[in-house]
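Right, one structure below, let's go through it.
The values are calculated or read from the model by the stated rules, or taken from the named source; none is laboratory data. These numbers come from a predicted model, not from an experiment. We place every Cβ from the backbone using ideal geometry, glycine too, and count neighbours over all the protein chains shown. Ligands, DNA and RNA are excluded from the accessible area calculation, which covers all protein heavy atoms including side chains. Shrake-Rupley method; radii C 1.70, N 1.55, O 1.52, S 1.80 Å.
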Number of protein chains: 2
Amino acid sequence: MTLILSNDDVASVLTMSGCMDVLEDAYRDLHSGAAITRRRSDSLTPTTREDAIYGFKTMDGVIPSQGVAAVRLNSDIVTWPRVDGNLRRVKVPAAPNNRWVGLILLFSTENGEPLAIMPDGVVQRTRVGATNGLGVKYMARKDAKSIGILGSGWQAVTQLQAACEVRDIQNIKVFSPNEGHRVTFAQEMNDLLGCEVSPTNTVESCVADVDIVLCSSNSIEAIFFERWLRPGLHVSAIKMPEIEEAALRKADRVALHFGQRQPDTIRAKGVNPPDRRAGTGWAVHEEFDFDSCPKLPQFIAGEEIGRINDSETTCFINDMGLGLQFASAAGLAYRKAKEAGLGNELPTDWFTEDVHP
Amino acid sequence: MTLILSNDDVASVLTMSGCMDVLEDAYRDLHSGAAITRRRSDSLTPTTREDAIYGFKTMDGVIPSQGVAAVRLNSDIVTWPRVDGNLRRVKVPAAPNNRWVGLILLFSTENGEPLAIMPDGVVQRTRVGATNGLGVKYMARKDAKSIGILGSGWQAVTQLQAACEVRDIQNIKVFSPNEGHRVTFAQEMNDLLGCEVSPTNTVESCVADVDIVLCSSNSIEAIFFERWLRPGLHVSAIKMPEIEEAALRKADRVALHFGQRQPDTIRAKGVNPPDRRAGTGWAVHEEFDFDSCPKLPQFIAGEEIGRINDSETTCFINDMGLGLQFASAAGLAYRKAKEAGLGNELPTDWFTEDVHP
């Protein structure tokens with residue numbers, strides 16, 4: 001049987017610690033060449049809506065030691081409205097019932113069979129959190145006890161969960177421009193994480209006197225600045241532009257997730273302007289030498305060291321996602337969901353064939 | 001609802017003439033830049049079987065004018081057994097119930113929604129036939145009346161159907177090394193196509209005195225040779241190596257389907273040897289200047305002419321498939337199947353999500 005899982009199914013079985021474990025194994029295999037991943041491709045075309053483009057994005061990963069291959073795909077209607085004067089990139093939930101379309105298809109490397117189909121949302125935020133959490137594991141001070149997090153959205157939860165997995169965190173401060181959001185989020189995280197979480201009224205007070213700053217925004221501009229760097233601090237970003245370029249230059253050590261900073265983009269005629277808005281949706285730091293930065297798999301393989309003393313300032317940037325991450329995390333979710341009897345089972349014959357393709 | 005279609009469903013609605021029509025439109029859009037296609041990628045890893053590798057292959061296409069985007073994927077266990085002394089590339093039907101795994105996922109470019117999931121087999125052979133049929137349309141003599149076909153397998157049926165759509169074919173000769181196969185196939189094609197189809201005992205008699213030769217084999221070596229070329233003949237191949245390189249050099253005009261002759265191949269360590277067997281499975285003519293050949297979309301757009309007089313010899317090679325073809329043909333199959341009430345309907349909510357991915 002092929003398992004159809006929902007985000008709720010995935011959320012109920014995909015633990016942060018489990019996800020971080022399988023991801024570490026997957027990175028080790030990627031580094032040794034035993035596992036592979038295909039860079040994300042974005043195929044962009046016009047739609048009949050003048051203000052929107054259609055984006056079809058796919059990425060693949062194969063991890064033989066975990067027995068899985070996967071494609072993760074997104075079928076997006078993308079617009080760029082102005083919100084409070086700022087240009088934002090917004091994926092419109094245009095599918096029936098106002099929903100988004102992101103899927104992971106999971107296959108067995110042993111016999112090729114389709115194991116599962118699941119939405120990508122929960123896996124996505126879990127793998128983002130796990131990746132930045134591994135950044136904390138290898139780069140933050142071992143005795144780090146406090147976090148300031150910028151952002152209180154969907155991604156912020158897993159950012160905190162992952163950091164708490166790898167450090168003995170006692171205090172968390174949260175800043176969001178929206179007071180209601182930060183107060184509610186702080187209360188929820190208090191309950192979820194069992195440590196003291198408090199909202200702050202200013203971004204400056206959020207980043208002051210903490211060991212770790214986690215950027216977890218949907219901003220397409222910098223939200224963490226050079227002037228806030230101080231000895232011993234670890235700064236973590238979930239997307240390229242969050243940390244100001246001057247801060248990266250001043251930091252003692254900057255590492256990337258994997259170093260694939262841009263997808264392979266294929267644009268139809270009429271996707272105008274053919275600029276940054278049509279790609280990742282944000283400006284990329286042009287002058288910083290990212291190519292020379294160590295990457296997460298090198299830390300895991302023991303080839304690079306994330307921090308050499310307690311006074312270094314370190315930055316970790318979670319650049320573009322990998323098919324490998326989705327294969328690994330979705331593979332774990334599938335195995336756990338199957339054990340737990342979750343999901344809708346469909347005949348595997350529906351997704352296989354008796355003719356040679 | 002999202003439609004789950006079987007190969008039988010697809011076969012009952014996907015006509016050759018319909019497929020050729022939508023493909024011509026898709027190629028016109030591809031040529032103008034209105035439609036796009038992502039080159040096939042092959043991710044290859046070892047398996048626990050020493051004699052097999054695992055291959056995860058994906059390709060994407062987006063055609064806004066047809067309202068569709070698609071990914072076609074294959075999850076293959078591949079071996080290279082020796083059959084009658086010759087090395088063959090064999091995809092093992094290793095999935096449950098001895099089945100292969102090839103799928104097309106179809107999406108709407110208007111609202112992103114998942115429209116259908118179907119196996120790729122029938123679409124695959126229909127799009128191969130349609131492509132070579134378009135080669136016949138633009139390159140064979142207008143008064144061509146006879147065909148010699150080399151091969152009697154799964155692909156041969158659609159090769160003949162497509163050629164019969166674009167030329168008034170009266171006589172067909174078929175050769176296959178296996179006498180039983182060629183006799184049975186000739187009888188079946190007689191009934192299907194309503195023209196005279198007869199088996200021949202030798203390959204030489206099959207290619208003699210015909211206007212068109214269709215190569216439709218699973219050979220990884222040449223099966224049509226220079227010595228068989230003569231004025232006015234059109235020779236068609238479903239894969240690169242079928243037409244001897246010397247024949248290509250001697251022909252007056254050689255065209256390719258699209259000119260993407262190799263996939264993007266990503267190999268894990270241990271996929272050994274990293275040679276042609278791990279890629280397309282066949283030797284590629286190294287010396288012929290394929291880059292200068294016209295391509296099918298140029299014929300359709302009226303930028304190139306396939307034949308300038310009745311005495312030219314022409315060759316058409318159907319090089320690597322495109323995601324675009326699968327989007328177009330699967331889109332047609334979906335629309336027809338929906339009209340006909342075919343397939344299994346599943347809630348679209350199973351394949352969409354209420355969280356921003």
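Things to note:
- For the range A:222-249, the tally of residues that are open to solvent by 10 Å² or more (accessible area, probe 1.4 Å) and either within 20 Å of residue A:144 (Cβ to Cβ) or among the β-branched types (Val, Ile, Thr) (or both) stands at 6.
- Taking first residues from the range B:12-35 that are without any contact (Cβ under 8 Å) to a residue 40 or more places away in the chain and partners that are assigned to a helix (DSSP H, G or I) and not hydrophobic (A, V, I, L, M, F, W, C), the Cβ contacts under 6 Å between residues at least 6 apart in sequence or on separate chains come to B:29/B:65.
- For beta carbons closer than 8 Å, sequence separation of 6+ or different chains, a first residue in the range A:194-214 that is more than 18 Å from residue A:162 (Cβ to Cβ) and a second that is open to solvent by 60 Å² or more (accessible area, probe 1.4 Å), the qualifying pairs are A:196/A:170; A:196/A:171; A:198/A:171; A:199/A:179; A:199/A:183; A:201/A:179.
- Taken over the range A:1-20, the residue count meeting the criterion of being in a loop (DSSP other than H, G, I, E, B) and in contact with a Gly (Cβ under 9 Å, 6 or more places away or on another chain) is 2.
- Taken over the range B:91-104, the criterion of being of a type outside the set (D, E, K, R) and either touching a residue at least 40 places away in the same chain (Cβ under 8 Å) or within 7 Å of chain A (Cβ to nearest Cβ) (or both) is satisfied by B:92, B:94, B:95, B:96, B:97, B:100, B:101, B:102, B:103, B:104.
- Cβ-Cβ distances below 7 Å connect the following pairs, each with a first residue in the range A:215-230 that is assigned by TED's automatic domain parsing to the domain that holds residue A:161, a second residue that is among the basic types (Lys, Arg), and a separation of six or more residues or different chains: A:220/A:89; A:226/A:250; A:229/A:250.
- Against the criterion of being within 15 Å of residue A:75 (Cβ to Cβ) and either buried (at least 24 other Cβ atoms within 10 Å of the Cβ) or touching a residue at least 24 places away in the same chain (Cβ under 8 Å) (or both), residue B:330 qualifies.
- Search result, residues across the range A:184-212 that are surrounded by 14 or more Cβ atoms within 10 Å (Cβ to Cβ) and either β-branched (Val, Ile, Thr) or assigned to a strand (DSSP E or B) (or both): A:184, A:196, A:197, A:198, A:199, A:200, A:203, A:207, A:210, A:212
- Unmet requirement for residue B:49, which otherwise passes all of (1) out of contact with any Asp or Glu (no Cβ under 8 Å at 6 or more places or on another chain); (2) facing chain A (nearest Cβ under 9 Å); (3) outside any strand (DSSP E or B); (4) at pLDDT 95 or above: (4)
- Filtered by the rule that a residue be in contact with a Leu (Cβ under 7 Å, 6 or more places away or on another chain) and open to solvent by 20 Å² or more (accessible area, probe 1.4 Å), the range A:26-36 gives a lone residue, A:30.
Each row is one residue, and each column tells you yes or no for (1) at pLDDT below 95; (2) among the aromatic types (Phe, Trp, Tyr); (3) buried (at least 24 other Cβ atoms within 10 Å of the Cβ).
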{"residue": "A:74", "(1), (2), (3)": "no, no, no"}
{"residue": "A:78", "(1), (2), (3)": "yes, no, no"}
{"residue": "A:90", "(1), (2), (3)": "yes, no, no"}
{"residue": "A:107", "(1), (2), (3)": "no, yes, yes"}
{"residue": "A:116", "(1), (2), (3)": "no, no, yes"}
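- Positions within the range B:106-116 being under 17 Å from residue B:342 (Cα atoms) and within 7 Å of chain A (Cβ to nearest Cβ), in sequence order: B:114
- Taken over the range B:69-90, the residue count meeting the criterion of being more than 10 Å from chain A (Cβ to nearest Cβ) and among the aliphatic types (A, V, I, L, M) is 2.
For every residue, the table says whether it meets (1) farther than 28 Å from residue B:62 by Cβ; (2) surrounded by fewer than 20 Cβ atoms within 10 Å (Cβ to Cβ).
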{"position": "A:1", "(1), (2)": "yes, yes"}
{"position": "A:14", "(1), (2)": "yes, no"}
{"position": "A:56", "(1), (2)": "no, no"}
{"position": "A:59", "(1), (2)": "no, no"}
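- Among the numbered conditions (1) in the same structural domain as residue B:20 (by TED's automatic domain parsing); (2) touching a Cys at 6+ places or on another chain (Cβ under 7 Å), the only one that residue B:170 does not meet is (1).
- Residue selection: residue B:73 fails the criterion of being more than 21 Å from the chain's Cα centre (by Cα) and either in a strand (DSSP E or B) or under 20 Å from residue A:265 (Cβ atoms) (or both).
- In a residue-by-residue description of the range A:114-126, the property of being in contact with an Asp or Glu (Cβ under 6 Å, 6 or more places away or on another chain) and small (Gly, Ala, Ser) applies to at least one position.
- Single residue of B:23, B:44 found to be part of a helix (DSSP H, G or I) and either open to solvent by less than 30 Å² (accessible area, probe 1.4 Å) or at the interface with chain A (Cβ under 8 Å from one of its Cβ atoms) (or both): B:23
- On inspection, residue B:219 qualifies as assigned to a loop (DSSP other than H, G, I, E, B), within 21 Å of residue B:255 (Cα to Cα) and either open to solvent by 10 Å² or more (accessible area, probe 1.4 Å) or touching a Phe, Trp or Tyr at 6+ places or on another chain (Cβ under 6 Å) (or both).
- Note on the range B:333-357: among residues that are more than 13 Å from chain A (Cβ to nearest Cβ) and hydrophobic (A, V, I, L, M, F, W, C), the one that is surrounded by the fewest Cβ atoms within 10 Å (Cβ to Cβ) is B:340.
- Of the residues examined, residue A:255 is one that is at pLDDT 95 or above and either under 19 Å from residue A:41 (Cα atoms) or touching a strand residue (DSSP E or B) at 6+ places or on another chain (Cβ under 7 Å) (or both).
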